[in-house]
Amino acid sequence: MKHYPVKKIFFCLVMLFLFAVLLYKAFFYFDKKSEEKQFTMHKHTTRLSPDEMSNIEEGDFILRRGFGFISDYISKNLNNGAIDVTHAGILVKMDNKWHVIHSLSSDVSAIDGMQIQPLSDFLSYSAPGKIIITSPKNCTTALRKNISYLAQNYLSKKIPFDHKGKIDDANEFFCTELIWQILEKDLHHINLPKETEARRKLLYSMQSMYSSSYFDVKINQYQQQECRINGDKFTL
C-alpha cells in the first residue's frame, strides 16, 4: 500500500475544505442575485391592499413566499398543496408604524438572527399575491400585547439564527421557531405534540403555521388567486 506524506494529505484536505467553502459562498451569492432580480421586477407592486392593511393587528403573524433558490426549496418541501410560503414574522407597531420582527440567517441577511424591519421592507421581498396573515386561536388584546412584548424582548437580546435547526432551545431561533417559542413555552397558549418525531415534523413545517388547529387565518391571498386549468377558472 502506498503511503502518502502527511503534508500531502493535509494539503489535500485543506484544498477540499476551501473548495467546499467556495461552493457554499457561490450558492448564496447566486441566490442573492436571483432574489435581487425578483425584488427589482416587483418593487412597484402593492403587496397588501388598504382593506388588508386595515385588518392587521399587533401580534399577528405574517407569512410570505420569498425569492431565491432557498425559498424555492422551502416552498416545495415544507408546505402542502398550492400554498408555498417560506418565511414568517411577527407584526408589531412602533411609533405608530408597522414593523415585522423576525429571524434570518446571515447567509441571506446583513444581521444573523433576530431583527426588525418596516413592514414595507418585509413585504418588498415577498412574491406578489403570496401572503398569509394569521393570529392565534382565541386571541385576546392581552395576548396580542404579550406576543409583541416578547418578540421585542428577544430582539433586544439579539438572539442568533438557529443554523442547526435545534428545536426547544431558546438560545437560537429560525423564523417559525420564534413564534412557537412564544406561544407554547412563554405564554402557554397552545399545546404541541411532546413525542419527538411528531414535534420535529410540526416545528420544521411551514404548513403548521397556517393550520386551523392553532391559528385563525385573517388574510389568505392564495384564496384570492384565480387559476386556469384546461381553460376553466377556479379559486384556490
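The values are calculated or read from the model by the stated rules, or taken from the named source; none is laboratory data. Computed from a prediction, not measured in an experiment: that's the story for all the values here. Here the Cβ is made from the backbone with ideal geometry for all residues, glycine too, and neighbour counts use every protein chain on show. Ligands, DNA and RNA are excluded from the accessible area calculation, which covers all protein heavy atoms including side chains. Shrake-Rupley method; radii C 1.70, N 1.55, O 1.52, S 1.80 Å.
Points to keep in mind about this one:
- Test result for SER126, among the small types (Gly, Ala, Ser), open to solvent by 30 Å² or more (accessible area, probe 1.4 Å) and farther than 19 Å from GLU57 by Cα: no
- Filter result for ALA142 (within 24 Å of SER213 (Cβ to Cβ) and surrounded by 21 or more Cβ atoms within 10 Å (Cβ to Cβ)): no
- Counted residues, region 48-82 - those being part of a loop (DSSP other than H, G, I, E, B), more than 17 Å from ILE219 (Cβ to Cβ) and in contact with a Phe, Trp or Tyr (Cβ under 8 Å, 6 or more places away or on another chain): 3
- Against the list (1) crowded, with 20+ Cβ neighbours inside 10 Å; (2) in contact with a Pro (Cβ under 7 Å, 6 or more places away or on another chain), the condition LEU119 fails is (2).
- Spans of helices (runs of 4 or more DSSP H) in region 96-210 with at least 1 residues closer than 21 Å to ARG47 by Cα and in contact (Cβ under 8 Å) with a residue 40 or more places away in the chain: 119-124, 175-180
- Filtered by the rule that a residue be buried (at least 22 other Cβ atoms within 10 Å of the Cβ), hydrophobic (A, V, I, L, M, F, W, C) and in a strand (DSSP E or B), region 83-95 gives ALA88, ILE90, LEU91, VAL92.
- In the set GLN152, GLN207, GLN181, GLN221, only one residue is open to solvent by less than 20 Å² (accessible area, probe 1.4 Å) and among the polar types (S, T, N, Q); that residue is GLN221.
- Failed item, numbered, when ILE229 is tested on (1) modelled with pLDDT of 95 or more; (2) open to solvent by 70 Å² or more (accessible area, probe 1.4 Å): (1)
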